Amino acid sequence: MASYDFKTIEEKWQKRWENDPRLKAVDFHPTKPKYYVLYEFYNISGNLHMGHLKGTVPADALARYKRFKGYNVLFPIGGDAFGLPAENAAIKHGIDPHKFVEDGMKTVLDQSKKIGLSFDYSRTICTSSPEYYKWTQWIFLQLFKHDKAYKKVGKVNFCTHCQTVLSNEDSQGGKCDRCGNDVIQVNRNVWFLKMREYSEKLLKNIDNITMAENLKEAQRNWIGRSEGIEFDLGLYDENGNKKEDLSIFTTCIETVYGITFVVLAPENELIEKLSSSIQNMDEVRAYQEKTALRSEFDRMSQVKDKTGCILKGIYAKNPVTDELVPVYIADFVLNGYGTGAVMAVPCHDQRDYEFAVSFNIPMKQVIEGDCSKGAVEKGEYLVSNPKMVNSGEFSGMDVLSAKPKMAQMVIDKGFGRKIVNYKMQDWSFNRQRYWGEPFPIVFCDHCGIVPLDESELPLLLPPTKDYLPNAQGDSPLSKIDSFVNCTCPKCHGKARRETDTMPNWAGSSWYWLRYIDPHNDKALADYEKLKYWGSVDCYTGGTEHITRHVLYAFFWQNFLYEIGAVPTRDPFVRKMGSGLILDSEGKKMSKSSKNGVSPLEVIDKYGADVARLHVHFLAGYEDNCIWSFKGIEGITNFVDRVWKLQDMIKGDDVSKEHIVELNKLIKKTGEDYENLKLNTAISACMIFLKKIKEDGFITREELRQFLIVLNPLAPHITSEMYEMVFGQDILDQSYPEYDESKIVEDEISLPIQVNGKFRTTIKVSRDSTQDEIVSQIKSKNLIELGNVKKTIYVPNKIINFIV
RNA sequence: GCUGGUGUGGCGGAAUGGCAGACGCACGGGACUUAAAAUCCCGAGAUGGCAACAUCGUGUGGGUUCGAGUCCCACCACCAGCACCA
């Protein structure tokens with residue numbers, strides 16, 4: 001037997017798989033059930049790194065397993081190509097981004113093939129190709145037509161380095177997701193998508209999907225649902241004249257009697273309206289200017305001393321007590337959340353307490369507890385449930401029963417209502433960058449904002465050599481007159497195009513739908529095909545996009561469902577977040593930190609099968625692991641032993657020596673592939689191999705089944721051996737069935753406990769009765785039992801004597 | 001601070017409430033070899049003992065149970081998300 005020449009053999013199979021129809025998905029397959037496996041498509045930036053193996057290989061193993069199980073599997077791949085990497089290459093090295101993407105796509109697809117990934121390469125898509133972005137633009141047009149997209153001047157995140165507006169999702173932690181610099185807040189004319197309107201639907205998507213709890217919690221956190229009461233209080237001037245209405249959102253209506261002041265966000269528009277009644281407008285303006293300079297992140301994250309400014313001459317009337325209390329502005333109140341104003345109850349909110357101390361404002365306790373050193377907050381009183389005080393008719397009640405009654409009271413009196421608030425904001429959707437989808441929108445002096453007709457799509461991104469925004473921060477497209485100047489689709493007068501482009505998250509917000517029908521030029525995908533393939537059954541990929549891409553995906557799929565473009569609301573049935581591969585210092589492997597180990601290096605040295613096995617033997621799919629070559633010998637050894645099995649064949653059918661182990665193996669690996677638990681699947685294969693080695697032989701049928709079981713993990717070597725030994729292609733085989741009754745052994749080793757402590761084991765035949773076992777123990781004189789008070793016998797599990 | 005998750009040998013990691021440490025790495029011993037590498041076999045949680053065996057042992061402290069790594073309560077540590085959200 002020649003030794004295993006992985007280079008030649010792996011290449012041979014990779015060539016064969018490239019165009020193998022058996023690896024391609026079949027629309028409307030007459031007999032096979034469908035299964036859709038998705039891996040988060042590649043961000044086109046250069047070479048793949050080991051981290052990619054963490055997500056792609058389990059998906060590939062699942063796809064191969066499901067094909068064996070008789071499913072019609074859709075397992076596609078593509079490139080997320082708009083955005084930073086191509087644009088930076090253009091700016092820094094003058095590389096045409098189209099060319100960069102073309103080369104980048106080729107690279108990642110070639111490398112995928114070298115890993116042995118069985119994608120259906122005939123369905124490959126790329127978000128920056130006009131055939132694709134035509135439909136991204138089409139979706140935007142639908143959003144616009146259905147009043148889900150609007151343009152508004154507002155405070156938005158802006159990165160001075162990248163010269164572009166960013167969404168909240170793109171500036172998590174106050175850092176630009178593109179370059180890592182601090183984000184500032186600027187006023188801009190910005191496109192927003194009404195994502196907030198979809199909050200409840202997104203929460204429903206989260207309930208429906210199968211996903212790790214911590215990831216679901218991160219998403220719920222991001223949406224930030226909060227139930228409470230909104231109620232009206234009036235703003236009055238010094239002479240008791242009502243000037244304006246003001247609403248306040250609170251989750252703690254039980255503290256309403258304890259309001260001693262009210263705080264508005266510095267940007268609250270009521271301040272201008274009240275300016276004639278505010279006696280210290282100079283101070284107020286100075287404070288507004290001061291806070292405007294601080295970034296929102298700075299304002300929110302650094303809990304320093306409370307700053308603020310009183311609105312002299314303005315009072316708010318508490319509608320429950322009719323008391324007049326002073327009004328302040330302070331930067332801890334955010335204009336974008338609730339009504340941009342809060343009621344302050346210093347005794348029962350630590351933040352209000354600190355503000356009251358700084359500004360010497362009186363406090364009023366309305367719930368029992370010690371407020372001398374700080375607030376008694378809801379986290380405390382809702383648990384200990386003390387009595388209400390100083391709260392009119394509610395005094396003396398316990399908090400938990402008073403709370404709903406007080407809510408009902410403000411509703412009944414007509415000035416309050418139940419409200420749900422969300423932290424999640426609308427999605428700011430434009431970027432002042434070149435490399436993105438142009439908006440299919442024109443601005444006409446007569447007609448205003450006018451959408452292009454669908455027949456005009458795609459609106460092509462015009463070629464240029466100048467990839468930088470202008471001095472005012474306008475998109476590079478604004479410098480291209482032939483693009484900007486156009487005629488209005490409505491009145492045919494002169495008009496100007498929108499020159500911003502869409503964020504790179506646009507193309508990724510619907511790409512799984514396009515795989516279903518990648519070449520359709522009549523629709524984003526054929527409705528019947530969408531119905532056939534349905535939701536993605538298993539979606540693998542990193543966890544870093546969980547509060548961004550995945551939420552956007554929920555949002556767009558809901559919208560497309562509502563306009564009848566797709567048949568389901570839930571894009572994904574199951575989302576598996578893969579762990580990271582870290583370098584030896586525990587840092588994430590990535591292109592930007594230049595610590596990536598190339599899978600090609602590993603494949604070159606050890607082969608693709610070994611690389612696949614090693615990465616997944618290091619840790620579970622969802623766990624992070626530190627990359628190391630340490631231990632890879634264990635895997636090469638395993639692969640070599642598999643290869644040598646061909647010299648150990650003796651007999652044809654499954655032998656009685658191996659029937660139990662083989663059935664166990666089939667059962668275990670099947671479950672593990674379903675759950676992407678590749679590490680224990682590998683271990684199960686090793687255990688079986690150990691048994692074979694011990695006995696010194698394997699029968700033909702055993703080898704046949706073993707090769708199929710191992711194939712999803714190590715497709716090359718198993719395909720080769722299958723062909724050599726059986727003269728057939730393993731792709732035509734089906735996964736072996738296991739027989740539960742074969743797994744149970746006739747003779748078992750039963751643990752014996754005395755007083756719950758393990759003593760020894762006894763060999764007994766299966767399903768022995770308690771009496772049989774006790775008499776066997778006695779006859780063999782295994783242990784001294786003494787005075788047995790009670791015996792617990794769990795058949796085939798354990799026997800426990802209490803003495 | 002809030003929320004979620006995780007704590008198991010020298011290391012990576014296994015264990016539907018029933019023999020903890022599967023599988024692998026590293027380690028020790030042996031076989032083969034002039035020798036080494038490779039390969040093969042054996043050993044191995046800790047402590048005591050020549051050994052049979054005994055005691056302890058899954059972050060800490062309690063509890064439920066005949067029996068707890070697993071379930072419950074409290075605490076500690078680490079990781080992640082959110083963070084002055086009214």
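Summary of values
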item	result
Search result, residues across segment A:509-529 that are of a type in the set (A, V, I, L, M, F, W, C) and either surrounded by fewer than 22 Cβ atoms within 10 Å (Cβ to Cβ) or in a loop (DSSP other than H, G, I, E, B) (or both)	A:Trp510, A:Ile516, A:Ala523, A:Leu524, A:Ala525
Pairs with Cβ under 6 Å, 6+ apart, first in segment A:351-373 and at negative phi, second polar (S, T, N, Q) and open to solvent by 50 Å² or more (accessible area, probe 1.4 Å)	A:Val366/A:Asn390; A:Cys371/A:Gln365
From the options A:Asn675, A:Asn663, A:Asn711, residue that is without any contact (Cβ under 8 Å) to a residue 12 or more places away in the chain and either open to solvent by 10 Å² or more (accessible area, probe 1.4 Å) or away from RNA strand B (no atom under 12 Å from the Cβ) (or both)	A:Asn675
Pairs where the first residue, in segment A:600-619, is free of Cβ contacts under 8 Å to residues at least 40 places away in the same chain and the second is within 15 Å of RNA strand B (Cβ to nearest atom) and in a helix (DSSP H, G or I), C-beta under 8 Å, 6+ apart	A:His614/A:Tyr606; A:His614/A:Ile632; A:His614/A:Ile635
Long-range neighbours under 9 Å by Cβ, at least six apart or interchain, first residue farther than 14 Å from A:Lys790 by Cα within segment A:754-772, second among the acidic types (Asp, Glu) and not in a strand (DSSP E or B)	A:Val764/A:Glu772; A:Ser765/A:Asp746; A:Ser765/A:Glu772; A:Arg766/A:Glu745; A:Arg766/A:Asp746
Enumeration of residues in segment A:260-270 that are within 10 Å of RNA strand B (Cβ to nearest atom) and either of a type in the set (S, T, N, Q) or assigned to a loop (DSSP other than H, G, I, E, B) (or both)	A:Ala265, A:Asn268
In segment A:725-761, the residues that are more than 10 Å from RNA strand B (Cβ to nearest atom) and not in a loop (DSSP other than H, G, I, E, B)	A:Val725, A:Phe726, A:Ile730, A:Leu731, A:Asp732, A:Glu740, A:Ser741, A:Lys742, A:Ile743, A:Glu747
A:Gly651 being on the phi > 0 side of the Ramachandran plot and more than 15 Å from RNA strand B (Cβ to nearest atom)	yes
Only one of A:Arg548, A:Arg569 that is under 27 Å from A:Pro503 (Cβ atoms), within 16 Å of RNA strand B (Cβ to nearest atom) and open to solvent by 10 Å² or more (accessible area, probe 1.4 Å)	A:Arg548
Number of positions in segment A:171-230 that are of a type in the set (S, T, N, Q), within 16 Å of RNA strand B (Cβ to nearest atom) and open to solvent by less than 20 Å² (accessible area, probe 1.4 Å)	3
Pair list, Cβ under 8 Å, 6 or more apart: segment A:213-224 residue in contact (Cβ under 8 Å) with a residue 12 or more places away in the chain and in a helix (DSSP H, G or I), other residue open to solvent by 20 Å² or more (accessible area, probe 1.4 Å) and more than 6 Å from RNA strand B (Cβ to nearest atom)	A:Leu215/A:Thr543; A:Arg220/A:Leu203; A:Ile223/A:Leu203; A:Ile223/A:Tyr422
So A:Ile773, is it open to solvent by less than 80 Å² (accessible area, probe 1.4 Å) and within 11 Å of RNA strand B (Cβ to nearest atom)	no
Scan of segment A:273-292 for residues that are surrounded by fewer than 17 Cβ atoms within 10 Å (Cβ to Cβ), under 17 Å from A:Ala316 (Cβ atoms) and out of contact with any helix residue (DSSP H, G or I) (no Cβ under 7 Å at 6 or more places or on another chain), ordered by number	A:Lys273, A:Gln279, A:Asn280
Condition check for A:Asp370: farther than 28 Å from A:Phe555 by Cα and more than 16 Å from RNA strand B (Cβ to nearest atom)	yes
Sole residue being open to solvent by 10 Å² or more (accessible area, probe 1.4 Å) and of a type outside the set (D, E, K, R), chosen from A:Gly79, A:Gly70	A:Gly70
Cβ pairs under 7 Å, 6+ apart, first in segment A:384-402 and assigned to a loop (DSSP other than H, G, I, E, B), second polar (S, T, N, Q)	A:Val389/A:Gln365; A:Val389/A:Ser395; A:Asn390/A:Gln365
Test for A:Gly448: is it small (Gly, Ala, Ser) and either more than 25 Å from A:Met195 (Cβ to Cβ) or touching a residue at least 24 places away in the same chain (Cβ under 8 Å) (or both)	no
Top-ranked residue of segment A:605-627 - restricted to ones that are more than 16 Å from A:Asp5 (Cβ to Cβ) and among the aromatic types (Phe, Trp, Tyr), ranked as modelled with the lowest pLDDT	A:Trp627
Selected residue (only one of A:Val327, A:Val320 is farther than 19 Å from A:Glu254 by Cα and in contact (Cβ under 8 Å) with a residue 40 or more places away in the chain)	A:Val327
Inter-residue pairs, beta-carbon under 6 Å, first outside any helix (DSSP H, G or I) and in segment A:84-105, second surrounded by 15 or more Cβ atoms within 10 Å (Cβ to Cβ), 6+ apart	A:Ile95/A:Ala89
Qualifying residue in segment A:698-706 (condition: within 9 Å of RNA strand B (Cβ to nearest atom), at negative phi, surrounded by fewer than 23 Cβ atoms within 10 Å (Cβ to Cβ) and more than 35 Å from the chain's Cα centre (by Cα))	no
Meets criteria (within 16 Å of RNA strand B (Cβ to nearest atom) and within 16 Å of A:Val256 (Cβ to Cβ)) for A:Val345	yes
Within segment A:776-803, considering residues that are under 24 Å from A:Ser741 (Cβ atoms) and assigned to a loop (DSSP other than H, G, I, E, B), the one nearest to RNA strand B (Cβ to nearest atom)	A:Lys797
Number of positions in segment A:476-508 that are outside any loop (DSSP other than H, G, I, E, B) and charged (D, E, K, R)	5
Within segment A:428-475, considering residues that are of a type in the set (Gly, Ala, Ser) and outside any loop (DSSP other than H, G, I, E, B), the one surrounded by the fewest Cβ atoms within 10 Å (Cβ to Cβ)	A:Ser455
Selection count where residues are at pLDDT 85 or above and hydroxyl-bearing (Ser, Thr, Tyr), scope segment A:776-803	2
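To keep it simple, each residue is scored yes or no on (1) at pLDDT 95 or above; (2) over 22 Å from A:Ile516 (Cα atoms); (3) more than 24 Å from the chain's Cα centre (by Cα).
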{"residue": "A:Gly83", "(1), (2), (3)": "no, yes, no"}
{"residue": "A:Ala89", "(1), (2), (3)": "no, yes, yes"}
{"residue": "A:Asp103", "(1), (2), (3)": "yes, yes, yes"}
{"residue": "A:Gln111", "(1), (2), (3)": "yes, yes, yes"}
{"residue": "A:Ser122", "(1), (2), (3)": "yes, no, yes"}
{"residue": "A:Thr127", "(1), (2), (3)": "yes, no, no"}
{"residue": "A:Glu131", "(1), (2), (3)": "yes, no, yes"}
{"residue": "A:Lys145", "(1), (2), (3)": "yes, yes, yes"}
{"residue": "A:Lys148", "(1), (2), (3)": "yes, yes, no"}
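The values are calculated or read from the model by the stated rules, or taken from the named source; none is laboratory data. Keep in mind that what you see is a predicted model, and the values were worked out from it rather than measured. Positions of Cβ are backbone-derived with ideal geometry, glycine not excepted, and every protein chain shown enters the neighbour counts. In case anyone asks, the SASA skips ligands and DNA or RNA and just uses the protein heavy atoms, side chains included. Shrake-Rupley method; radii C 1.70, N 1.55, O 1.52, S 1.80 Å.
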